[in-house]
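Beneath this line is the structure, given in structure tokens, with notes to follow.
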């Protein structure tokens, strides 16, 4: 199939929404107010149990309520400056006409303005006027986070104020693009917990939780906390109405691929053969069969105009393979495709993002098979007896 043909048969970021810090670090945005993190002497860092992290941090974690004419939604946030700066996900508040935060003691504070936003990374900093200085969570260094590190998530699952604590591991540090790296985590994140903090073993926030649902399964990600640092000193003074206008303007300015014969820019990754190092042949066969079956089921639906159904089939296949394959390279390639699709707001674009990931995987497996075949032929030729000249 050509790069400009919008039909998906054959082979060939506004926000990261439709898809996370205390002792030993510098204060988030203010030297005033108490730290709700690990405490202890300045510069000291000691490992904490999840229960200790929760006990010390909960006073600085808030519930975020967003209301509009279409209904209401809830999320989580956390205080990053004692005078009333609160970090959360942009998708938690986008589209709302009224925003409130609820403190641990039940105190409700209106959010008249949004101090800063980062649509490409799904981040927002809310500004409230508290009656007294708020406890804060300090930002850790997310650049040093590695796969296998422990992580603790605290949030409001399903929007209830009783915070829940879950722990797990950093599954992967994934680079989605030049501008975006995300943390994939095994700790469960439920709806209502988006925007909540992700802590390392020292009780430092190293990410902002983002919940992404797909095909009945959840993919749990965090936006690295270092992305928040550029927002700390800003005061854009956006009201909820002004925020919605800004988001609409950005959305209208983005190119939106359609199935109506317009050019669609393909972004098929060209993986190095080393992607398959350590992969068993059975895993590669399973990947090819799973992807081929998904394309055979999804492509006809796309060509009939049902782009969402096509995407859902592709997404479901990728999630299953990403979790079941014992080949790290293939899992990572499919995970990157899921992440890219999660940053897009159009089912046409989402379907193409997954198809690009599929084609990249099929291509590298095909090239690996060809290389193995050529190598086998060379070996057989070297081993065959040579006839003596007459």
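Can you find a residue that is in a helix (DSSP H, G or I) and modelled with pLDDT under 85 anywhere in region 253-272? Before you say what the answer is, go through the steps one by one.
Applying the first criterion (in a helix (DSSP H, G or I)) to region 253-272 yields 253.
Still in the list and also modelled with pLDDT under 85: 253.
Among the residues of region 253-272, at least one is in a helix (DSSP H, G or I) and modelled with pLDDT under 85, which makes the answer yes.
Just to be sure I understand, how many residues within region 105-117 are touching a helix residue (DSSP H, G or I) at 6+ places or on another chain (Cβ under 9 Å) and at pLDDT 90 or above? Show your work before the answer.
First pass over region 105-117, keeping only residues touching a helix residue (DSSP H, G or I) at 6+ places or on another chain (Cβ under 9 Å): 105, 111-117.
Applying the additional criterion that residues be at pLDDT 90 or above yields 111-117.
So the count comes out to 7.
For the structure I just gave you, tell me whether residue 280 is at pLDDT 80 or above, farther than 26 Å from residue 193 by Cβ and surrounded by 15 or more Cβ atoms within 10 Å (Cβ to Cβ). Give the steps one after another, and end with the answer.
Numbers: at pLDDT 80 or above: yes; farther than 26 Å from residue 193 by Cβ: yes; surrounded by 15 or more Cβ atoms within 10 Å (Cβ to Cβ): no.
Judged against the criteria, residue 280 is not a match.
Could you figure out which of (1) in the same structural domain as residue 326 (by TED's automatic domain parsing); (2) at pLDDT 80 or above isn't true of residue 304?
(2)
Given the options 183, 228, 247, 169, name the one that is at pLDDT 85 or above, outside any loop (DSSP other than H, G, I, E, B) and under 17 Å from residue 124 (Cα atoms). Full working, then the answer.
On the way: 183 fails: under 17 Å from residue 124 (Cα atoms); 247 fails: at pLDDT 85 or above; 169 fails: under 17 Å from residue 124 (Cα atoms).
The unique qualifying residue is 228.
Given the conditions (1) at negative phi; (2) more than 19 Å from the chain's Cα centre (by Cα), which single one is not true for residue 106?
It is condition (1) that residue 106 fails.
Results for (1) within 23 Å of residue 174 (Cα to Cα); (2) touching a helix residue (DSSP H, G or I) at 6+ places or on another chain (Cβ under 7 Å); (3) part of a loop (DSSP other than H, G, I, E, B), shown as yes or no for each residue.
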{"site": "298", "(1), (2), (3)": "no, yes, no"}
{"site": "317", "(1), (2), (3)": "yes, yes, no"}
{"site": "351", "(1), (2), (3)": "yes, yes, no"}
{"site": "363", "(1), (2), (3)": "yes, no, no"}
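The values are calculated or read from the model by the stated rules, or taken from the named source; none is laboratory data. In this text, all values refer to a predicted model and were calculated from it rather than measured experimentally. Neighbour counts run over all protein chains shown; Cβ positions are idealised from the backbone, glycine included.
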